[in-house]
Structure formats: C-alpha cells, structure tokens
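K.L.:
Got a structure for you, questions after.
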Amino acid sequence: MYIKTITKPIEKSVRWIVSRTLMLVNKISVRMTNPDDIKSLAKKLYPVSSDKKLIRLGPKGDGGYLIPNDLTGIEACFSPGVSDVSGFEKDCVDLGIKAFLADKSVSAPSLDHPLFYFTNKFIGARSNDDFITVDSWVEQSIPDSIKDLLIQVDIEGYEYETFLSISDKLMKRFRIIVVEFHNLQQLWNKPYFDLAAPAFEKILQTHTCVHAHPNNNSDTVTNHGITIPKTIEFTFLRNDRISNSSYENIFPNPLDYDNSPQKPPIPLPKFWYKS
C-alpha cells in the first residue's frame with residue numbers, strides 16, 4: 001500500500017496525468033461519461049467460473065484474496081504495495097512460490113521470511129531513483145526466466161498506469177492477476193474514464209475476470225441507476241487456463257470476508273455480474 005505523498009519530483013508521465021485528473025475532478029466541471037460506456041465496460045468484467053475452483057490466500061479480511069486453484073508451475077508472486085499485512089505473500093511462499101515485494105514508503109515487509117525479496121521502490125510507468133517498472137522489476141528479480149507468474153497489486157490508484165506500462169510479453173506470463181482498483185466512482189468523469197478503461201482493456205486482452213469483491217473500507221456511488229463501489233478487488237485468470245466456463249452469479253463467495261469488520265458490508269451490485 002503506497003503513501004500518497006511523494007516528496008521527490010517525478011517525471012511527467014502517466015502518473016502525473018492521473019494525479020492531476022484526480023485533483024481537478026472536484027474543482028472543475030468535467031464531461032460526464034455516457035452510462036452506456038460504463039455498462040459496456042462492466043459487461044466485459046462479468047466474473048466467470050471454470051474448472052479452476054477459487055481458494056483464498058491471505059487472512060480472513062483485508063489483505064486476503066480469492067484466486068483460482070491453478071498454482072502448480074507458477075515460479076513467483078510479484079506484489080507491489082506493502083502494508084502491515086503479508087499473509088497473501090506468506091501463503092504463496094508456503095506453496096513454494098517465491099514472493100517479490102516492492103514499496104518505497106516502507107523499509108521492509110512487516111513479516112520477515114527467507115523467501116521474501118524486497119525492493120525499496122515504488123512501481124510505476126518509468127524507472128528512476130524512486131520508481132521501477134514491472135518489466136524491469138521482473139527482469140532484475142528472475143533474469144532469463146520464462147515461467148508463469150502471479151501478480152497481486154494494491155497501490156492506491158496507480159494500478160492504471162502500471163498495467164498500461166507492462167509489456168504484452170510480460171502480461172502473457174502472468175497466469176493470475178489480482179488487482180485492487182481504486183477511485184472507480186471517477187469512471188463517471190469522462191477524462192478519468194478515458195484513462196482507466198484502457199487499463200482494464202489491456203488486462204482483458206489476455207485474461208478473464210473470475211472474481212470481484214468490493215472493499216468495504218470505501219462506500220459506493222450511484223448514478224443513472226448504476227451503483228459503483230469506489231474500490232473493487234478483481235481476480236483475473238489467463239484465457240488459456242480457462243475451460244468449461246460459465247458466468248458466476250453467486251456473490252459474495254463463501255470464502256469472501258469484509259475488509260473491515262467495523263464497517264457495513266458492501267455486496268457486489270448486480271450491475272457488476274450476470275445475474
């Protein structure tokens with residue numbers, strides 16, 4: 001999890017554009033996204049079930065995620081955004097999967113483990129003293145490897161630029177993608193939608209959504225009869241790993257837990273799955 005205040009100046013990049021968009025949306029009038037465009041995007045994200053049943057890695061709460069039980073042969077998990085919980089990464093290494101973690105806002109993961117490999121940088125669209133791209137991170141961590149990987153991303157809104165900057169070649173190596181998408185209420189702002197939608201489309205070129213779970217640390221926004229949770233945890237499985245698929249329509253999954261037990265639950269609105 002990233003600290004949002006960064007003291008050192010950074011290059012003008014996708015990150016700068018996204019940050020400026022977020023700052024300006026509450027100060028100026030922006031063109032509203034056509035509801036049909038949001039509906040079209042949501043339909044592409046309808047979760048499907050397959051022969052790969054879902055399991056939970058990580059704690060029964062914040063920091064735990066549902067993923068397909070398709071881990072055999074995955075060499076490493078890459079997990080940008082380090083908070084005070086490392087249960088997901090711990091479960092990965094217990095299954096024989098190396099865990100690579102990255103974050104500039106902390107000096108080390110909260111959990112010390114011999115199979116944890118930590119990089120003290122933010123993940124972003126450029127590589128410099130403070131940031132590193134996912135492609136560079138993977139290449140430096142496991143050079144010459146061609147095996148499948150898993151990536152779990154929780155970086156407070158910077159996930160959009162991160163996925164847009166990943167090479168197509170590397171995207172195809174990620175068998176499983178877990179990503180917490182933030183600020184989804186801003187999809188109603190057309191300039192923001194035009195930045196965020198391509199990130200989803202980038203993932204959907206090679207992967208299919210197999211689970212979605214709203215983070216109840218945030219609330220929801222409703223416009224035109226469409227309810228959008230501000231933060232949703234999505235799990236994607238690479239298309240070549242999916243067979244016997246059908247749309248999933250039971251939410252929450254029995255393995256789902258609220259991120260915050262102190263706040264009201266947020267069920268996945270029916271708009272986000274084929275009911």
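K.L.:
How large is ³J(HN,Hα), in whole Hz, for each residue of region 201-215 in order, when computed from phi with the Karplus curve 6.51 cos²θ - 1.76 cosθ + 1.60 and θ = phi - 60°, using x for Gly and Pro?
P.N.:
The phi angles translate into 4, 4, 5, 6, 5, 10, 10, 10, 5, 10, 6, 9, 8, x, 8 Hz.
K.L.:
If you plug each phi of region 230-235 into the Karplus form 6.51 cos²θ - 1.76 cosθ + 1.60 with θ = phi - 60°, what whole-Hz ³J(HN,Hα) values come out, in order, with x for Gly and Pro?
P.N.:
5, 9, 10, 8, 10, 10
K.L.:
Towards the positive end of the charge dipole of region 70-116, with charges on Cβ (+1 Lys, Arg; -1 Asp, Glu), say which of Gly96, Pro114, Ile74 has the farthest Cα.
P.N.:
Looking along the dipole axis, the top candidate is Pro114.
K.L.:
If you average the sequence gap of Cα pairs under 8 Å that are 6 or more apart and divide by the length of region 17-156, what percent do you get for the contact order?
P.N.:
20 percent.
K.L.:
If R₀ is 22 angstrom, what is the calculated FRET efficiency for the pair Asn128 and Ser83, using the beta carbon separation as r and rounding to 0.05?
P.N.:
After rounding, the FRET efficiency stands at 0.40.
K.L.:
Something else now. Rolling a 1.4 angstrom probe over the protein heavy atoms, how many square angstrom per residue are accessible across region 112-231?
P.N.:
Per residue, region 112-231 has an accessible area of 36 Å².
K.L.:
Here is a follow-up. Work out how much length Leu164 to His224 would gain on full extension: take 0.36 nm times their residue separation and subtract the Cα-Cα distance, in nm to one decimal.
P.N.:
18.7 nm
K.L.:
What residues have an amide H closer than 5 Å to that of Asp148, excluding those fewer than 5 places away on the same chain, when H is modeled at 1.01 Å from N in the peptide plane?
P.N.:
Here the answer is Glu75, since their amide H atoms fall under 5 Å of that of Asp148.
K.L.:
Relative contact order for the chain using alpha-carbon pairs under 8 Å, separation at least 6, rounded to a whole percent?
P.N.:
Contact order relative to length: 24 percent.
K.L.:
For Cα pairs less than 8 Å apart in space and 6+ apart in sequence, what is the mean separation divided by the residue count of region 157-220, i.e. the relative contact order in percent?
P.N.:
43 percent
K.L.:
Show the residues, 5+ positions off or on another chain, whose built amide H is closer than 5 Å to the amide H of Ser105.
P.N.:
The answer is Ile3.
K.L.:
Under a 1.4 angstrom probe, counting protein chains only, how are Asp154, Asp240 ranked by accessible area, largest first?
P.N.:
Greatest to least solvent exposure: Asp240, Asp154.
K.L.:
Continuing with the same structure: Calculate how many DSSP beta bridges within the chain are antiparallel, expressed in % of all such bridges and rounded to the nearest 5.
P.N.:
55 percent
K.L.:
Let me ask something else about it. Using helices alone, what [θ] at 222 nm do you get for the chain, with -39,500 (n - 2.57) per DSSP H run of 4 or more residues, divided over all residues and rounded to the nearest 500?
P.N.:
-6500 deg cm²/dmol
K.L.:
Can you work out the PRE-style zone for Asp240? Point 7 Å along Cα to Cβ, and I want the residues of region 135-157 with backbone N under 19 Å.
P.N.:
The answer is 144-151.
K.L.:
Right, next: Using a 1.4 angstrom probe and counting only protein chains, how large is the accessible area of Leu95 in Å², to 10?
P.N.:
The accessible area of Leu95 comes to roughly 100 Å².
K.L.:
Per the 1.4 Å probe, what fraction of the accessible area of region 142-256, in percent, lies on carbon and sulfur atoms?
P.N.:
Roughly 47 percent of what the probe reaches on region 142-256 is carbon or sulfur.
K.L.:
Could you report the accessible area of Arg56 in Å², rounded to 10, computed with a 1.4 Å probe on the protein chains as they sit in the structure?
P.N.:
For Arg56, solvent-accessible area is about 40 Å².
K.L.:
Please work out how much accessible surface Asp37 shows to a 1.4 Å probe, ignoring ligands, DNA and RNA, in Å² rounded to 10.
P.N.:
Asp37 has an accessible surface of roughly 60 Å² with all protein chains in place.
K.L.:
Oh, and also: How do Ser127, Ser136 rank by accessible surface area computed with a 1.4 Å probe, from largest to smallest?
P.N.:
Sorted descending by solvent-accessible area, the residues read Ser127, Ser136.
K.L.:
Check which residues have an amide H placed less than 5 Å from Ile232's amide H, if you skip close sequence neighbours.
P.N.:
HN-HN under 5 Å from Ile232: Phe181, Asn215.
K.L.:
Still on this model: Placing +1 on the Cβ of each Lys and Arg and -1 on the Cβ of each Asp and Glu in region 153-267, which of Asn217, Ile242, Thr162 has its Cα farthest towards the positive end of the resulting dipole?
P.N.:
Result: Ile242, furthest along the dipole toward the positive end.
K.L.:
Related question: I'd like the Karplus ³J(HN,Hα) series for region 32-43: coefficients 6.51, -1.76, 1.60, θ = phi - 60°, whole numbers in Hz, and an x wherever there's a Gly or Pro.
P.N.:
Karplus values, whole Hz, x for Gly and Pro: 7, 5, 4, x, 5, 5, 5, 4, 4, 5, 4, 4.
K.L.:
Determine which lysines satisfy two conditions relative to Lys90: a Cα distance under 17 Å, and not lying fewer than 8 residues away in the same chain.
P.N.:
Lys60, Lys98
K.L.:
Using a 1.4 angstrom probe with every protein chain in place, what is the largest-first accessible-area order of Glu248, Glu89?
P.N.:
Final ranking, largest accessible area leading: Glu248, Glu89.
K.L.:
Could I ask something else about it? Given a Förster radius of 22 Å and the C-beta distance between His113 and Glu139 as r, what FRET efficiency does 1/(1 + (r/R0)^6) yield to the nearest 0.05?
P.N.:
0.45
The values are calculated or read from the model by the stated rules, or taken from the named source; none is laboratory data. It should be emphasised that the depicted structure is a prediction, and the values quoted were computed from it without experimental measurement. Neighbour counts are summed over all protein chains in view; Cβ atoms, including those assigned to glycine, are modelled from backbone coordinates with ideal geometry. The protein model used for the area step is the full one, side chains on, heavy atoms only, and it has no ligands, DNA or RNA in it. Shrake-Rupley method; radii C 1.70, N 1.55, O 1.52, S 1.80 Å.
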